[in-house]
Structures are given as C-alpha cells and as structure tokens.
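First the structure, in the form of structure tokens, and then the observations on it.
The values are calculated or read from the model by the stated rules, or taken from the named source; none is laboratory data. No experiment lies behind these values; they were computed from the predicted model shown. Cβ placement follows ideal geometry from the backbone for every residue including glycine, while neighbour counts extend to all protein chains displayed.
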Amino acid sequence: MKRTLSLILLGLVTCLCAPVGCSNSSSDDVTFGPQPTPSGTPDADDDDDSSGSGKVWTLEEIRNEPRTGGAGGAARCGGEFGFRRCVCVPDVPSSVRYRPAVAECNGNAAVILYDEYEDAFSVVVRDSQNRDRWPVSGFNGCSLELATSESPPNRCSAFKVQESFPLFPTGGAKVNCLGASGYSELFADVTRMTIKLTDDPFSSDDEIDRMCLSGGDIPLN
C-alpha cells in the first residue's frame, strides 16, 4: 500500500514539473498573469559561449546541406499559459531553418529564411516564458530602462536579430544572426521562433507564424 501511494505521488510531481512551450498540447489557450523572471542580472561573461560548445556552421555548409522539414500546416503544439500554439518541430517547413552557431554570425545562432519567408518583417526566438527580450538588462550595455522601453533596439536582446544578409548572391534566402550562441546559457531555455510576416504600426493583429524548436542548441531543418 505504501509503495502504491509513493508511485502515485511521484507521478503527480512529474506531471506538475513537466516543461511547457512547444509540447504536444491539445488544451485551449488560457491567460494567466506574468510568468516569474529569474533573478539577477547576467554578468559580462554571460554574453559568450562559456556554458558549452558544439558545431559551428559556415555559410557554405548551410548552402550545401539538403534542406529537410515538414509540410507546415496548423499550429498544434504548445498553448499553455496563454501562449499561442506553434507548428510542431516535425512540421516546420524547409523554408525555415535554425543553426545554433554560424561562423559568419560571429559564432552566434541564426535563423535562415527561404522562399515565402525571405522578406518577412522580423524573426525572433523565444523561451518557455514566451520572452523575446532577454536578458532583462545589461546585454550590449543596455540599461534596464532602455531594454524594457516600448520599442527597444534589437541590440538589447540576445533573442533578436542583430544582422541580416543574403545566403545566396542571387537571393532566395536570408541569414538572420541572433545575439548569442545557441550553446550559451542565454539560449538554454529557447523553445520557439516567431516570424512576423508584415508589420502594421496601427494594428495589433499582424500576421505571425510560430514555429517550434527542439532547443537553442539543436539545429533544425
């Protein structure tokens, strides 16, 4: 009897502690209050790849690697804590690729957008708390006031694009360099990408496609 009760309690703890973000959830979106933010301000060393390392791609490798991916379609993953659902990892189309580290991006992570996504207005990565502004302050010398302002510059967030350039001389794809390595601590909780196709400054209903990632340190497509 005691052993049975212990197994039941262990199962409840496992369920309650399961991560959220791009899981295969079928629940409806629910709105909760703001999620907790880890305390502390990152040290200067947090901007580098001190937490680990892995393969660094070159543009030539990316050009020559066969593109993989799914057929896109409905966003079926996620939905917890009010987050919009995302296209699940196996379904992310081959027109969206992610690499944790690209040499021509100073070793930082990059999102490579092809075809219908090449001219998208913006792309960012997000963590399991749906943040695209991280760290809260101190990154690239940004003050808390600037980093949390209504329209902070991209340089204030490691999750935003710092530089973009064509993958091919003739066009067809664009490399979007992010602010830190996918192997760094800053990207340890990255779970998704959001691609804003167009931007209307007078609307809050811009067309946005949301794609899951397996993690900040794992390549996609």
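Numerical summary
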read-out	value
Matching residues, segment 161-199, being aromatic (Phe, Trp, Tyr), surrounded by 15 or more Cβ atoms within 10 Å (Cβ to Cβ) and out of contact with any Pro (no Cβ under 7 Å at 6 or more places or on another chain)	PHE187
Residues satisfying the stated conditions in segment 52-109, i.e. farther than 21 Å from VAL175 by Cα, touching a Lys or Arg at 6+ places or on another chain (Cβ under 7 Å) and assigned to a loop (DSSP other than H, G, I, E, B)	ALA75, ARG76, GLY78, GLY79, ARG84, ARG85, CYS88
Long-range neighbours under 7 Å by Cβ, at least six apart or interchain, first residue under 16 Å from PRO100 (Cβ atoms) and without any contact (Cβ under 8 Å) to a residue 60 or more places away in the chain within segment 152-165, second buried (at least 20 other Cβ atoms within 10 Å of the Cβ) and of a type in the set (Val, Ile, Thr)	PHE159/VAL124; PHE159/VAL125; VAL161/VAL123
Boolean, SER204 is modelled with pLDDT of 95 or more and closer than 25 Å to PHE83 by Cα	no
Residue match in segment 160-176 (condition: at pLDDT 95 or above, of a type in the set (A, V, I, L, M), in contact with a Phe, Trp or Tyr (Cβ under 7 Å, 6 or more places away or on another chain) and more than 19 Å from ARG133 (Cα to Cα))	yes
Set ASP132, ASP115, ASP199: member being among the acidic types (Asp, Glu), out of contact with any Leu (no Cβ under 9 Å at 6 or more places or on another chain) and closer than 19 Å to ILE62 by Cβ	ASP115
Residues located in segment 166-221, provided they are among the small types (Gly, Ala, Ser), more than 23 Å from PRO153 (Cα to Cα), in contact (Cβ under 8 Å) with a residue 60 or more places away in the chain and part of a loop (DSSP other than H, G, I, E, B)	SER214
